[in-house]
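A.B. asks: Sending over a structure as structure tokens; questions will come in a sec.
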Amino acid sequence: MPRIFVTGMGIISAIGNSVSENRTALSEEKCGIGPLGAFPSAYAGKLPCGEVRLSSDFLRSKLNVSESGVTRTTLLALHAFNECVDNADLNPDLLSAPDTAFVNATTVGGMCLTDELYHDANSTDEGSPYLPSYDCGSIALMIGQRYKMKGIINTINTACSSSANAIMYGARLIRHGYAKRAIVGGTDSLAKYTINGFNALHILSRQICAPFDKNRNGLNLGEGSAFLVLEEESEVSGKHVYAELVGYGNANDAFHPSSISDAGEGPFLAMSKALHTANLEPGQINYINAHGTGTENNDETESRAMIRLFNAPPPFSSTKSFTGHTLGAAGAVEAAYTVMNLKYQEAYPSLHFTEPIESTGLKPVTTYSKMKMSYAMSNAFGFGGNCTSLIFSKA
Amino acid sequence: MMYIHQSACISAQHSFGSADLNKLVPSNQNKMLAIEPSYPQIPPAMLRRMGKAVRMGTGAALTLLPEGGWDGIVIGTANGGMEDCIKFLNQIVEYKEGLLTPGNFVQSTANAIASQIGLQTANRKYNVTHVHRGLAFENALLDTDMFISENPSKTYLVGSVDEISSFNYNIDFLDGWFRKSPASNAQLYIGSEEGTLAGEGASMFNVSGLRQNALASIQRIGTIHGEDPELGKKLFESVISELSVSADETIDLMLSGENGDSRLSRYYEACESLLPDSVTIARFKHMFGEIPTATGIAVWLATQIISSGEIPVHMIKKQTSKKPIRNILIYNNHKGVQHSCILVSAVSG
């Protein structure tokens, strides 16, 4: 089986519009969550959210998108996609080569345009320009067509673990010889749809989220996109390499449509399977970018699963305390941060933490620090019990 | 190589249980609505809360549950439970973002089908949902095929589900993909009109790498994107030549995804032009309507044809005397951009 390396990354999130801006904010402990801004929702100005600071109009013009019907979810994806392919020096010929795969992930797709969708789903007269853009597949289709991509193109939706699964699928396409390189990741933008959905489930915090804290009271939604370029060993000679992808595991919690089992069975199995594919022992993991949403259910069950697997878990943190929960993008945004942990040998903190959860006593890393690490894990768990863990190694 | 051991299909035809495909069930107001069974495997209280996509997917899957369960659940669906999505959307707008009930929201995520199957069968294995519109099922097949090549003795569930909801029907209608005037499925391929009929359904398969007692095999899954008909034609050609080189066999039947939309005819004509006179051509969208994951149902249909040796008369576009049918090549084109070829073959001999 060929080894798989990360040769490029692109990120856009509430804490920056590039990999380097994200790294600066993580290193300087600058949280990107604030009151929902100029957004067409009853919650504007009230709910804390992790918004990307660039308007859709600005993104459209910066990215030279002149075609109609392109949604914010797609614009965020295109921004991160462009950064990552530039970063990995993939020229147009390589992008359109039949052995270049593209795997996107999203949960909200074009439904970020909640009001337009309401109109188009219920109207009998003229539709809006967004008719072809609501479904999850529309984003990869638009980007794939823009770059005339001829390799395998796919879109995955496993709720909040979507883009971790996109990374896993891309890696497996390479291992099985369906591609030599794969651009993998995900995107989601803030939407009235998801804000109201999570609100109806009573898991949105009115304050800035405090993952793994005893008094945490919910998550903050965020938006963003991240893509990684994965390349097989034979393609990377002479190239800059960020890290190696060594393990992945996907398991289902099979407990409840929107919460994780008390023992964290799904998270435990996903992490165990990732260790198994990486051929590593739990003690070899030096760092974990936890799923850590800040909800009562997630942080406690994830903690239990970590204790069960690691006994004394390695240093860990939740960067959702910077970005909010970017849903379908979270797996890729946090995989990119995990790659940065290894590349720069540094740990990014979990912000807003004061007291550990009583039953677990686990304390996340709370300050930025240089840290020696060989292997780091990134967790992503979602509704429907869809749990995925990835393991990267220092290149 | 992936082998199909069991299959189930819920569609607008009598496909569930003992299938009877010879008598064509007519379309109704340009829709091909699924004939749903009573779902005895699903507890009634749970059934009432399920949207149609989750119901069809779970209902079809549960009839295939093997002893010891599946080693993975892989679903392709372009839209998942979109009726629930619109119900929640209507709540948001009509109650002005007030106090809403979350049930529809939770069911509206596309992964609700795969996760519900996992939940019902206490399955903690691999669980993924592919949503890449007209190639969602193909990616689910490819995903499963990769697992099987690593673990040939294990059994995976792979399937397709999509429902007709007010979301996809109205939106695709406004976007020009469905017929504007009343049309009959029996006359779908006659004339030159834009648009087609809407369809829905679920197909489910137990697959493994074990050849013994298999119903059929899936030898090749090929996909490509782009508006040029040459792309689909080249893919089609490559599958035919690989079959001839690797197995010294030929295609006996082309299952064409032609859907009566005059704008898409050129894609199918390009592929048909490659076929020698000896190859039978049959169509299926008049039976099931257009579904983004129609190829899931086409694979089920191919398995039926291989098992029975019979092709329902209403499917035939070009009849030949070639028998038995061993190799069936499905070509499908979704909205002029997403091409796929799936080669389904007999296992005998």
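The values are calculated or read from the model by the stated rules, or taken from the named source; none is laboratory data. All figures in this text were calculated on a predicted structure; none of them were measured in a lab. When we count neighbours, we look across all protein chains shown, and the Cβ atoms used for this are built from the backbone with ideal geometry, even at glycine. Calculation scope for accessible area: heavy atoms of the full protein, side chains included, ligands and nucleic acids excluded. Shrake-Rupley method; radii C 1.70, N 1.55, O 1.52, S 1.80 Å.
A.B. asks: Report whether or not B:Ile113 is more than 8 Å from chain A (Cβ to nearest Cβ), on the phi < 0 side of the Ramachandran plot and buried (at least 22 other Cβ atoms within 10 Å of the Cβ). Break it down into steps so the answer makes sense when it comes.
C.D. replies: Details: more than 8 Å from chain A (Cβ to nearest Cβ): yes; on the phi < 0 side of the Ramachandran plot: yes; buried (at least 22 other Cβ atoms within 10 Å of the Cβ): yes.
Criteria met by B:Ile113.
A.B. asks: Condition check: open to solvent by 30 Å² or more (accessible area, probe 1.4 Å), under 25 Å from A:Asn386 (Cα atoms) and in contact (Cβ under 8 Å) with a residue 24 or more places away in the chain. Does A:Pro282 satisfy that? If you could, list the steps in order and put the result at the bottom.
C.D. replies: Values: open to solvent by 30 Å² or more (accessible area, probe 1.4 Å): yes; under 25 Å from A:Asn386 (Cα atoms): yes; in contact (Cβ under 8 Å) with a residue 24 or more places away in the chain: yes.
Here the answer is yes, as A:Pro282 does meet what is asked.
A.B. asks: Do you know which residues across segment A:231-288 are outside any helix (DSSP H, G or I), within 14 Å of another protein chain (Cβ to nearest Cβ) and in contact with a strand residue (DSSP E or B) (Cβ under 8 Å, 6 or more places away or on another chain)? Walk me through how you get there before you give the answer.
C.D. replies: Restricting attention to segment A:231-288, the residues satisfying the condition of being outside any helix (DSSP H, G or I) are A:231-232, A:236-264, A:279-281, A:285-288.
Now narrow it down to the ones that are within 14 Å of another protein chain (Cβ to nearest Cβ): A:248-261, A:263-264.
Within segment A:231-288, A:Tyr248, A:Gly249, A:Asn250, A:Ala251, A:Asn252, A:Asp253, A:Ile260 meet the criteria.
A.B. asks: Looking at segment A:124-148, which of the residues that are within 7 Å of another protein chain (Cβ to nearest Cβ) and of a type in the set (Gly, Ala, Ser) is most open to solvent (accessible area, probe 1.4 Å)?
C.D. replies: My answer is A:Gly127.
A.B. asks: Looking only at segment B:119-134, filter to residues that are part of a helix (DSSP H, G or I) and facing chain A (nearest Cβ under 7 Å); which one of those is surrounded by the most Cβ atoms within 10 Å (Cβ to Cβ)? Even if it seems obvious, please write down each step before you answer.
C.D. replies: Our first condition is that a residue be part of a helix (DSSP H, G or I); within segment B:119-134, this holds for B:119-120, B:133-134.
Next, only the ones that are facing chain A (nearest Cβ under 7 Å) stay: B:119, B:133.
On the way: B:Leu119: 21, B:Arg133: 24.
Among residues in segment B:119-134 that are part of a helix (DSSP H, G or I) and facing chain A (nearest Cβ under 7 Å), the one surrounded by the most Cβ atoms within 10 Å (Cβ to Cβ) is B:Arg133.
A.B. asks: Being open to solvent by less than 10 Å² (accessible area, probe 1.4 Å) and more than 14 Å from B:Cys341 (Cα to Cα) is the filter here; which residues of segment B:266-280 pass it?
C.D. replies: We begin by selecting, within segment B:266-280, every residue open to solvent by less than 10 Å² (accessible area, probe 1.4 Å); these are B:267-268, B:271, B:279-280.
Residues satisfying the conditions are B:Val279, B:Thr280.
A.B. asks: Just to verify a result, which residue in segment A:149-160, among those that are at the interface with chain B (Cβ under 7 Å from one of its Cβ atoms) and free of Cβ contacts under 8 Å to residues at least 60 places away in the same chain, is surrounded by the fewest Cβ atoms within 10 Å (Cβ to Cβ)? Before you say what the answer is, go through the steps one by one.
C.D. replies: The initial filter retains those residues of segment A:149-160 that are at the interface with chain B (Cβ under 7 Å from one of its Cβ atoms), namely A:149-150, A:152-159.
Narrowing the set further to residues that are free of Cβ contacts under 8 Å to residues at least 60 places away in the same chain leaves A:149-150, A:152-156.
Values: A:Met149: 23, A:Lys150: 17, A:Ile152: 27, A:Ile153: 25, A:Asn154: 30, A:Thr155: 31, A:Ile156: 36.
Result: A:Lys150.
A.B. asks: Looking only at segment B:239-259, decide whether some residue is within 27 Å of B:Arg179 (Cβ to Cβ), surrounded by fewer than 20 Cβ atoms within 10 Å (Cβ to Cβ) and at pLDDT 95 or above. So that I can check it myself, show each step before the final result.
C.D. replies: Initial filter on segment B:239-259 (within 27 Å of B:Arg179 (Cβ to Cβ)): B:254-259.
This time we only want the ones that are surrounded by fewer than 20 Cβ atoms within 10 Å (Cβ to Cβ), so: none.
No, that holds for no residue.
A.B. asks: Those residues that are within 14 Å of chain B (Cβ to nearest Cβ) and open to solvent by 10 Å² or more (accessible area, probe 1.4 Å), I need them from segment A:175-193; list them, please.
C.D. replies: A:Arg175, A:His176, A:Gly177, A:Tyr178, A:Lys192
A.B. asks: To continue, here is another question. Return the residue satisfying two criteria in turn: it lies in segment B:103-114 and is touching a strand residue (DSSP E or B) at 6+ places or on another chain (Cβ under 6 Å) and assigned to a loop (DSSP other than H, G, I, E, B), and of such residues it is nearest to A:Asn250 (Cα to Cα).
C.D. replies: If we filter segment B:103-114 for residues that are touching a strand residue (DSSP E or B) at 6+ places or on another chain (Cβ under 6 Å), which is where we start, we get B:110-111, B:113-114.
Of the ones still in play, those that are also assigned to a loop (DSSP other than H, G, I, E, B) are B:110-111.
Values: B:Ala110: 17, B:Asn111: 14 Å.
Only one residue fits best here, namely B:Asn111.
A.B. asks: For segment A:29-37, state whether one or more residues are touching an Asp or Glu at 6+ places or on another chain (Cβ under 8 Å), more than 15 Å from A:Gly224 (Cα to Cα), within 14 Å of another protein chain (Cβ to nearest Cβ) and not hydroxyl-bearing (Ser, Thr, Tyr).
C.D. replies: No.
A.B. asks: Checking the structure you have, find out if any residue of segment B:196-211 is surrounded by fewer than 20 Cβ atoms within 10 Å (Cβ to Cβ) and either under 25 Å from A:Ser128 (Cβ atoms) or within 14 Å of chain A (Cβ to nearest Cβ) (or both).
C.D. replies: Residues of segment B:196-211 that are surrounded by fewer than 20 Cβ atoms within 10 Å (Cβ to Cβ), as a first pass: B:210-211.
The next check asks that each one be either under 25 Å from A:Ser128 (Cβ atoms) or within 14 Å of chain A (Cβ to nearest Cβ) (or both); those that pass are none.
No, there is no match, as no residue in segment B:196-211 is surrounded by fewer than 20 Cβ atoms within 10 Å (Cβ to Cβ) and either under 25 Å from A:Ser128 (Cβ atoms) or within 14 Å of chain A (Cβ to nearest Cβ) (or both).
A.B. asks: If you check A:Ile167 against the conditions, is it open to solvent by less than 10 Å² (accessible area, probe 1.4 Å), at the interface with chain B (Cβ under 7 Å from one of its Cβ atoms) and not charged (D, E, K, R)? Walk me through it before giving the result.
C.D. replies: Values: open to solvent by less than 10 Å² (accessible area, probe 1.4 Å): yes; at the interface with chain B (Cβ under 7 Å from one of its Cβ atoms): no; not charged (D, E, K, R): yes.
Spelling it out, it is not the case that A:Ile167 is open to solvent by less than 10 Å² (accessible area, probe 1.4 Å), at the interface with chain B (Cβ under 7 Å from one of its Cβ atoms) and not charged (D, E, K, R).
A.B. asks: Considering only helices (runs of 4 or more DSSP H) fully contained in segment B:1-102, which possess at least 3 residues that are more than 30 Å from A:Ala191 (Cα to Cα), in contact (Cβ under 8 Å) with a residue 40 or more places away in the chain and open to solvent by less than 30 Å² (accessible area, probe 1.4 Å)? Give the steps one after another, and end with the answer.
C.D. replies: Numbers: elements: B:44-49, B:52-62, B:82-94.
Per the criteria, B:52-62.
A.B. asks: Given the options A:Leu63, A:Leu94, name the one that is aliphatic (A, V, I, L, M) and in contact (Cβ under 8 Å) with a residue 40 or more places away in the chain. Don't jump to the end; show me each part of the working.
C.D. replies: Numbers: A:Leu63 fails: in contact (Cβ under 8 Å) with a residue 40 or more places away in the chain.
Checking each option against the conditions leaves just A:Leu94.
A.B. asks: Only one of A:Phe316, A:Phe353, A:Phe392 is at pLDDT 95 or above and open to solvent by 10 Å² or more (accessible area, probe 1.4 Å). Can you tell me which?
C.D. replies: Numbers: A:Phe316 fails: open to solvent by 10 Å² or more (accessible area, probe 1.4 Å); A:Phe392 fails: open to solvent by 10 Å² or more (accessible area, probe 1.4 Å).
None of the others qualify; the one that does is A:Phe353.
A.B. asks: Is it the case that B:Ala282 is in contact with a helix residue (DSSP H, G or I) (Cβ under 6 Å, 6 or more places away or on another chain), assigned to a helix (DSSP H, G or I) and assigned by TED's automatic domain parsing to the domain that holds B:Ile306? Before you say what the answer is, go through the steps one by one.
C.D. replies: Numbers: in contact with a helix residue (DSSP H, G or I) (Cβ under 6 Å, 6 or more places away or on another chain): yes; assigned to a helix (DSSP H, G or I): no; assigned by TED's automatic domain parsing to the domain that holds B:Ile306: yes.
Considered against the rule, which asks whether it is in contact with a helix residue (DSSP H, G or I) (Cβ under 6 Å, 6 or more places away or on another chain), assigned to a helix (DSSP H, G or I) and assigned by TED's automatic domain parsing to the domain that holds B:Ile306, B:Ala282 comes out as no.
A.B. asks: On to the next question. Looking at A:Phe310, A:Phe381, can you tell me which residue is open to solvent by less than 40 Å² (accessible area, probe 1.4 Å) and over 30 Å from B:Gly80 (Cβ atoms)? I'd like the intermediate steps shown before the answer.
C.D. replies: On the way: A:Phe381 fails: over 30 Å from B:Gly80 (Cβ atoms).
Result: A:Phe310 is the single residue among A:Phe310, A:Phe381 that is open to solvent by less than 40 Å² (accessible area, probe 1.4 Å) and over 30 Å from B:Gly80 (Cβ atoms).
For (1) touching a Leu at 6+ places or on another chain (Cβ under 6 Å); (2) over 30 Å from B:Ile164 (Cα atoms); (3) of a type in the set (D, E, K, R), each residue gets a yes or a no:
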residue: B:Met254; (1), (2), (3): yes, no, no
residue: B:Cys271; (1), (2), (3): no, no, no
residue: B:Ser278; (1), (2), (3): no, yes, no
residue: B:Phe284; (1), (2), (3): yes, no, no
residue: B:Ile306; (1), (2), (3): no, no, no
residue: B:Arg326; (1), (2), (3): no, yes, yes
residue: B:Ala346; (1), (2), (3): no, yes, no
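A.B. asks: Collect the residues in segment A:123-139 that are assigned to a loop (DSSP other than H, G, I, E, B) and more than 30 Å from A:Glu232 (Cα to Cα), keeping them in residue-number order.
C.D. replies: If the condition is that a residue be assigned to a loop (DSSP other than H, G, I, E, B) and more than 30 Å from A:Glu232 (Cα to Cα), then A:Ser123, A:Thr124, A:Asp125, A:Glu126, A:Gly127, A:Ser128, A:Pro129, A:Tyr130, A:Tyr134, A:Asp135 are the ones that fit.
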